[in-house]
Amino acid sequence: MTTGLTGVALARLLVQDLFAAGAAPHFPPKAKQVLQIFCPGGASHLDLWDYKPMLEKYHGKPLPGAETEVTFQGKNGNLMKSPWAFAPAGRSGKMISTLLPHMARHVDDMAFIHSMTSRTNTHGPGCIAMNTCFTREGFPSAGAWISYGLGSLNDNLPTFVSIQDLRGEPPNGKANWGNGFLPAQHQAVALAAHQPLRNLGRPAEISAAEEVATRDFLRQANSVHATAHPGYDELRARMAAYELAAKMQLAAPAVSDLSREPAHVHALYGTNDTNALKAAYARNCLLSRRLLEQGVRYVSLYCASRASAVDGLLNWDAHKTLKADYDRHGPIFDQPTAALLTDLKQRGMLADTLVLWCTEFGRMPTHQDGTAGRDHNPDAFTTWMMGAGVKGGVSHGATDDFGRRSVQDVATVYDFHATVLRLLGIDHEKLTYYHNGTNRRLTDVHGHVLERILA
């Protein structure tokens with residue numbers, strides 16, 4: 001009984017459709033599902049997405065007006081060009097780092113937001129700010145808000161799933177996918193290809209017949225109890241959730257079984273690559289597609305993890321050895337992510353799925369004094385969207401000539417999530433939850449939809 005009920009408790013995550021904030025969207029939705037790809041560590045816009053010819057021209061010279069600037073880890077040196085050349089890609093001719101040759105094939109479907117800003121230069125608060133719009137813990141993540149607002153698309157899997165990298169959780173861990181003050185069923189279920197859902201298997205000492213008999217007994221007892229408490233809707237909703245637990249016990253292992261995929265799909269993603277970290281991330285990418293295919297509403301996929309004693313070892317935080325760090329992280333990210341986008345597109349899933357790429361902030365155009373790396377830069381970074389409702393091959397906003405600050409159509413995380421909600425058919429000012437005397441919302445009291453990137 002104890003083991004069975006442990007698994008049953010997971011079914012609380014499946015009752016979102018019974019507690020969703022509203023039955024009707026505020027706008028005709030363009031997207032039904034979201035795939036969020038997150039690269040923790042402050043992935044450098046200047047070395048991935050945001051081409052700056054002036055960095056090449058003035059490489060080795062001081063940043064004008066900031067010769068003695070001190071940032072997160074101290075004094076900055078001179079301007080430093082990217083170690084990788086940029087090259088035009090796609091019909092749009094978008095300049096993309098040659099570090100990402102596979103991702104470059106998708107630029108015509110992407111809408112880049114080059115003018116993002118953050119309210120913090122610290123990894124933990126930065127990650128949860130990108131996920132919750134607040135730098136403090138205790139607020140619901142975007143996935144939890146969407147679960148609350150829209151409910152589930154399936155009957156036997158979680159509404160919100162967070163897939164961690166083999167290297168570990170991102171900075172501030174579970175706060176990135178928590179429910180905050182929303183009901184607990186709206187937090188994500190954490191899993192990965194290397195870490196399937198726990199407590200779903202039937203113990204060997206319990207026969208299948210015994211398990212069925214136990215469920216039948218519980219169903220009968222619940223029915224009698226419900227009859228004795230007419231009009232108690234929450235009780236009936238809880239009973240329905242328990243019934244769904246049995247379905248999850250069958251569905252979750254099936255969707256996590258990557259061996260069901262043909263060899264050419266594994267080759268596309270690189271799941272058997274000799275680089276163990278790349279292969280592990282590739283399997284998580286493939287798992288993401290399978291979850292979306294089965295109707296999971298919101299999937300967060302992480303590429304890299306927390307900070308470590310050695311900067312840039314476990315994530316994109318390249319303070320000292322930018323080239324060596326990104327030569328390691330780039331190939332792990334590039335092929336599997338591009339394969340996931342290709343797979344979604346060829347299956348027609350981008351018609352309903354909105355894809356987001358995020359990081360918590362950018363990097364400085366200068367090198368840190370005495371190093372060959374870049375310090376944190378909350379004043380400028382890049383994110384992008386593609387898929388359902390997004391206009392491909394466009395860019396919103398711009399940084400200055402050196403990529404130091406966002407200067408044109410400056411965007412915030414509030415704007416980013418207001419746009420995501422709009423694509424899902426939700427007015428970000430109307431999706432609220434009463435907590436501590438006020439109607440809270442994902443975007444706090446801020447946010448404007450980035451209309452330019454909408455199809």
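The values are calculated or read from the model by the stated rules, or taken from the named source; none is laboratory data. Just so it is clear, the structure is predicted and the values come from calculations on it, not from any experiment. Cβ sites come from the backbone with ideal geometry, for glycine too, and all protein chains shown count toward neighbours.
Within the stretch 206-223, residues that are farther than 15 Å from Q249 by Cα have Cβ atoms under 6 Å from residues that are surrounded by 13 or more Cβ atoms within 10 Å (Cβ to Cβ) in these pairs: N222/M239, counting only partners at least 6 apart in sequence or on another chain. Does T359 fit the bill of being over 23 Å from the mean Cα position of the chain (by Cα) and surrounded by 21 or more Cβ atoms within 10 Å (Cβ to Cβ)? Answer is no for this residue.
Quick one: would you say D257 is within 26 Å of W49 (Cβ to Cβ), surrounded by fewer than 24 Cβ atoms within 10 Å (Cβ to Cβ) and not polar (S, T, N, Q)? For D257, the condition - within 26 Å of W49 (Cβ to Cβ), surrounded by fewer than 24 Cβ atoms within 10 Å (Cβ to Cβ) and not polar (S, T, N, Q) - is not met.
The set of residues in the stretch 354-402 that are within 19 Å of T122 (Cα to Cα) and of a type in the set (G, A, S) comprises G362, G373, A380.
Put simply, of H319, H367 the only residue that is in a strand (DSSP E or B), more than 22 Å from F416 (Cα to Cα) and touching a strand residue (DSSP E or B) at 6+ places or on another chain (Cβ under 7 Å) is H367. Taking the criterion of being surrounded by 22 or more Cβ atoms within 10 Å (Cβ to Cβ), within 30 Å of G312 (Cα to Cα) and either over 16 Å from the mean Cα position of the chain (by Cα) or small (G, A, S) (or both), the residues of the stretch 140-174 that qualify are S141, A142, G143, A144, S162. Scanning the stretch 300-312 for any residue that is at pLDDT 95 or above and over 27 Å from D108 (Cα atoms) turns up at least one such residue. Filtering A190, A204, A209 for residues that are in a helix (DSSP H, G or I) and of a type outside the set (D, E, K, R) leaves a single hit, A209. Scan the stretch 134-155 for residues that are touching a strand residue (DSSP E or B) at 6+ places or on another chain (Cβ under 9 Å), under 25 Å from T120 (Cβ atoms) and aromatic (F, W, Y) and the total you get is 2. Within the group R374, R452, R404, which residue is surrounded by fewer than 22 Cβ atoms within 10 Å (Cβ to Cβ) and basic (K, R)? Criteria check complete, one pass: R452. Among the residues of this structure, M110 counts as one that is surrounded by 24 or more Cβ atoms within 10 Å (Cβ to Cβ) and closer than 19 Å to V390 by Cβ.
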